[in-house]
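Have a look at the structure below before the remarks.
The values are calculated or read from the model by the stated rules, or taken from the named source; none is laboratory data. Here the structure is a predicted model, which is why all the values come from computation and not from measurement. Backbone-built Cβ (ideal geometry, glycine too); neighbour counts: all protein chains shown.
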Amino acid sequence: MDLAVRATLKGWKFIYLGDVRVKSELPSTYEAYCRQQFRWACGSANLFRKMIWEVLAAKKVSPLKKIYMVYSFFLVRRVVAPAVAFILYNVIIPLSVMIPEIFLPTWGVAYIPTALFIVTAIRNPENLHIAPLWILFESVMSMHRLRAAVAGLLQLQEFNQWIVTQKVGNNAFDENKEAPLLQKSRKRLINRFNLPEIGLSVFLIFCASYNLVFHGKNSFYINLYLQGLAFFLLGLNCGGNLPGHCCF
């Protein structure tokens, strides 16, 4: 991304070839996937901090492209999107069921997200059957992406960590061209759980239970229960190994 941005500022043009396919390998475990997403989100946010003034001062880039790069490519997609996704669905909506003064319009919490989901889903109609699981999984990942974006913008201590995702590569392929999954390493009991996910799951399930017992203006307990369950299962590493053909 750093190279692509600098090339763009030099006036280079790019062509997207959508029909070119290459072999790739996704992280085999939830922990590895979280580390990968953290690197990507943290690096993108830090690149925004590092390159914003160079983008604005670039002479070979049109004002319209500068606005797109600063506002859409960096600010909205790398910083605002994970912040809104996490704060709205995992903080504001849960708190709204316990605080009557908080009113959330239906178009903001239902219509717009549904429209965005439909626009995204129609690109891959063959994966519609896993769409609900994908939404719940992305809700959990928004927590990690927000933390990474903050670390990248502020250059916190986590910013300097660089843990490369372990891959099995071309070793030990079987006749069906399927790579074996990585074996889990032995860990202490406390390290086998993801405490942030478990903590947030307790909060979401509590808010869902409160909403179920005390109905107010908002009834989100079904969604909150599902989100809490997703956080809890991933907090216990019940996701296990992620198959290489999954598309999150």
Listed by first then second residue, the pairs whose first member lies in the range 76-91 and is farther than 17 Å from Gly43 by Cβ, whose partner is outside any helix (DSSP H, G or I) and of a type outside the set (D, E, K, R), with beta carbons under 9 Å and at least 6 positions apart or on separate chains, are Leu88/Leu104
| message | Just to be sure before I move on: is Ala115 at pLDDT below 90, part of a helix (DSSP H, G or I), loosely packed, with under 14 Cβ neighbours inside 10 Å and not β-branched (Val, Ile, Thr) in the structure I sent? | response | yes
Within the range 118-138, restricting to residues that are closer than 30 Å to Ala151 by Cα and of a type in the set (A, V, I, L, M), the one that is surrounded by the fewest Cβ atoms within 10 Å (Cβ to Cβ) is Leu133
Flagged pairs (Cβ under 6 angstrom, 6 or more apart or on separate chains; first in the range 92-111, exposed (fewer than 13 other Cβ atoms within 10 Å of the Cβ); second not charged (D, E, K, R)) are Pro100/Gly216
Going residue by residue through the range 55-63, is there one that turns out to be aliphatic (A, V, I, L, M) and within 23 Å of the chain's Cα centre (by Cα)?
no
Would you confirm whether or not the range 24-34 contains a residue that is touching a Gly at 6+ places or on another chain (Cβ under 8 Å), exposed (fewer than 13 other Cβ atoms within 10 Å of the Cβ) and either modelled with pLDDT of 85 or more or within 23 Å of Val150 (Cβ to Cβ) (or both)? no
The correct count of residues that are without any contact (Cβ under 8 Å) to a residue 24 or more places away in the chain and either touching a Gly at 6+ places or on another chain (Cβ under 6 Å) or of a type in the set (D, E, K, R) (or both) in the range 51-64 is 1
- In the range 8-15, is there at least one residue being surrounded by 12 or more Cβ atoms within 10 Å (Cβ to Cβ) and either modelled with pLDDT of 90 or more or out of contact with any strand residue (DSSP E or B) (no Cβ under 7 Å at 6 or more places or on another chain) (or both)? yes
Checking Phe117, Phe103 in turn, the sole residue that is over 24 Å from Asn194 (Cα atoms), under 19 Å from the mean Cα position of the chain (by Cα) and of a type outside the set (Val, Ile, Thr) turns out to be Phe117
Those residues of the range 13-69 which are assigned to a helix (DSSP H, G or I) and either in contact with a Ser or Thr (Cβ under 9 Å, 6 or more places away or on another chain) or more than 23 Å from Val79 (Cα to Cα) (or both) amount to Ala32, Tyr33, Arg35, Gln36, Arg39, Val55, Lys65, Met69
> In this structure, is Phe48 modelled with pLDDT of 90 or more and of a type outside the set (A, V, I, L, M)?
Replying inline: yes
